[in-house]
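See structure below.
The values are calculated or read from the model by the stated rules, or taken from the named source; none is laboratory data. The structure displayed is predicted, hence computed values, not measured ones. With ideal geometry, Cβ positions are generated from the backbone for all residues, glycine too; neighbour counts draw on all protein chains shown. Keep in mind that these areas ignore ligands, DNA and RNA; they rest on the heavy atoms of the full protein, side chains included. Shrake-Rupley method; radii C 1.70, N 1.55, O 1.52, S 1.80 Å.
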Amino acid sequence: MGIGAGDLLEVIDEVDSTNRLALERAAEGAPHGTTILARRQTAGRGRQGRSWLSDDGALTLSVVVRGPVAGGLLPLRAGLAVARTAGAAARVKWPNDVLVDGRKVAGILVEQAGSDAAVLGIGLNVAVDLEALPDHVSARAGSLGRDASELDAVRDELLVELTDALSLDAPTIVQLLGARDALAGRAVAWTTSEGAERQEGHAEGIEADGRLKVRLPDGELLHLAGGEVHLL
Ligand code: BTN
């Protein structure tokens, strides 16, 4: 059964955070593929403890993922699925932002839900009015430029792409991401954890296990397992 197919899709008008609600559903035993979509979030969660502003014209949904695909490559699988939904120009900025023309059109937040399950949250700007956003958000944000009437169609495309990305083997995911890697060959800066030293180098693609390869100015190759990476 596909992600969010049939009874697995729950659409609600308003919730604090679809990730929070999906984690609750996962704890109650909700099956793989259970999807919660909210038309409005009042306290959306972002990465690194940040909040996520949900606007009209955005798709905000969370999926309960169970089994081996709930593991380390899940953010990249999701990034690939979102990028394919967003179109040929969309790129994945490791580990899990999706950019179009250098602007962030989607954010992805994976939260563990026990030992063999995770909740995958996606916020995708489909028909967002960027001028209505606060300056600090609109400076980097993008939107697909679709019409609000297309939200359900884009949701369905995304669910199909997610179903596909969760069924592919790891080498295929990494290979497909290679063609959509926003960082490959670019000068980047990164911190591996909060408070860690900022480093600079060049991104050299994604390793088979999902880690980002970065080359330091002295030639040393590092493999990043997580953290924040910025294009320079
Ligand atoms: C990021 O910081 O880039 C990740 C943002 C993830 C936002 C989505 S919106 C749907 C889901 N529910 C949440 O509370 N957050 C995620």
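Excluding Thr60 itself, calculate the net charge of residues whose Cβ lies under 14 Å from the Cβ of Thr60, where each Lys or Arg counts +1 and each Asp or Glu counts -1.
Net charge in that neighbourhood comes out at -2.
Taking amide H positions as placed in the peptide plane 1.01 Å from N, state which residues far from Val105 in sequence (5 or more) or on other chains have amide H under 5 Å from it.
The list, which skips near neighbours in sequence, is Val98, Leu99, Val100, Gly142.
Pop out the ³J(HN,Hα) list for segment 204-209 in order, Karplus 6.51 cos²θ - 1.76 cosθ + 1.60 with θ = phi - 60°, rounded to Hz; leave Gly and Pro as x.
Listing the rounded values in order: 10, x, 10, 6, 4, 8 Hz.
Which whole-Hz couplings ³J(HN,Hα) result when phi for each residue of segment 39-46 is put into the Karplus expression 6.51 cos²θ - 1.76 cosθ + 1.60, θ = phi - 60°, listed in order with x for Gly and Pro?
Along segment 39-46, the couplings run 6, 8, 10, 9, 8, x, 9, x Hz.
Nearest 500 deg cm²/dmol is fine: what mean residue ellipticity at 222 nm does the chain get from its DSSP H runs of n ≥ 4 alone, each adding -39,500 (n - 2.57), divided by its residue count?
After summing the helix terms and dividing by residue count, I get -6500 deg cm²/dmol.
Any idea what % of Cα-Cα pairs in segment 14-59 are farther than 18 Å?
Of all Cα-Cα pairs in segment 14-59, 31 percent lie more than 18 Å apart.
What accessible area per residue, rounded to a whole number of Å², is obtained for the chain using a probe radius of 1.4 Å?
46
Taking amide H positions as placed in the peptide plane 1.01 Å from N, state which residues far from Ala182 in sequence (5 or more) or on other chains have amide H under 5 Å from it.
So Ala182 has HN proximity to Val92, Lys93, Trp94.
Suppose each label sits 7 Å from its Cα in the direction of the beta carbon; what would the Gln199-Asp56 distance come out to in nanometres?
4.6
Ignoring the sites themselves, what is the longest stretch of the chain with no trypsin sites (Lys or Arg not before Pro) in a DSSP loop and at most 15 other beta-carbon atoms within 10 Å?
My reading of the result: 51-139 is the longest stretch.
Among Gln175, Val82, Gly29, pick out the residue whose Cα is farthest towards the positive end of the charge dipole of segment 8-178, where Lys and Arg carry +1 and Asp and Glu carry -1 on C-beta, about the Cα centre.
Value: Gln175.
Please list the non-local residues whose amide H lies under 5 Å from the amide H of Gly46, H modeled 1.01 Å from N, same-chain partners needing a gap of 5 or more.
Those qualifying (amide H under 5 Å, at least 5 residues apart or on another chain) are Ser51, Trp52.
What shape does segment 187-231 take by its C-alpha gyration tensor, where a ≥ b ≥ c are the square roots of the eigenvalues and a/c under 1.5 counts as rounded, a/b above b/c as prolate, and the rest as oblate?
The shape class here is oblate.
Compute the relative contact order of segment 61-186 as a whole-number percentage, counting only Cα pairs closer than 8 Å that sit 6 or more residues apart in sequence.
30
Any chance you could list the semi-axes, whole Å, largest first, of the equivalent ellipsoid that the Cα gyration tensor gives for the chain, using √(5λ)?
Calculated on Cα positions only, the semi-axes equal 27, 21, 17 Å.
What does the charge count near Met1 come to, summing +1 for each Lys or Arg and -1 for each Asp or Glu among other residues with Cβ under 13 Å from its Cβ?
Charge balance near Met1 sits at 0.
For segment 187-231, calculate the relative contact order in percent as a whole number, restricting contacts to Cα pairs under 8 Å that are 6 or more residues apart.
40
If you take the beta carbon distance between Ser138 and Arg39 as r and set R0 to 25 Å, what does 1/(1 + (r/R0)^6) give as a FRET efficiency, to the nearest 0.05?
0.70
Could you work out the pair-distance distribution P(r) of segment 153-232 from its alpha-carbon pairs, with 10 angstrom bin width and percents rounded to whole numbers?
Calculated over all Cα pairs of segment 153-232, the distribution is 17, 41, 27, 14, 1 percent.
Evaluate 2.2 N^0.38 Å with N set to the residue count of segment 91-229, then give the Cα radius of gyration divided by it.
Normalised Cα radius of gyration, segment 91-229: 1.15.
Quick one: if the Förster radius is 35 Å, what FRET efficiency do Glu150 and Leu221 give, using the C-beta to C-beta distance and rounding to 0.05?
Working from the Cβ atoms, E equals 0.25.
Can you compute the charge dipole magnitude of the chain about its Cα centre, using +1 on each Lys and Arg Cβ and -1 on each Asp and Glu Cβ, nothing else charged? Give it in debye, rounded to the nearest 20.
Dipole about the Cα centre, nearest 20: 400 debye.
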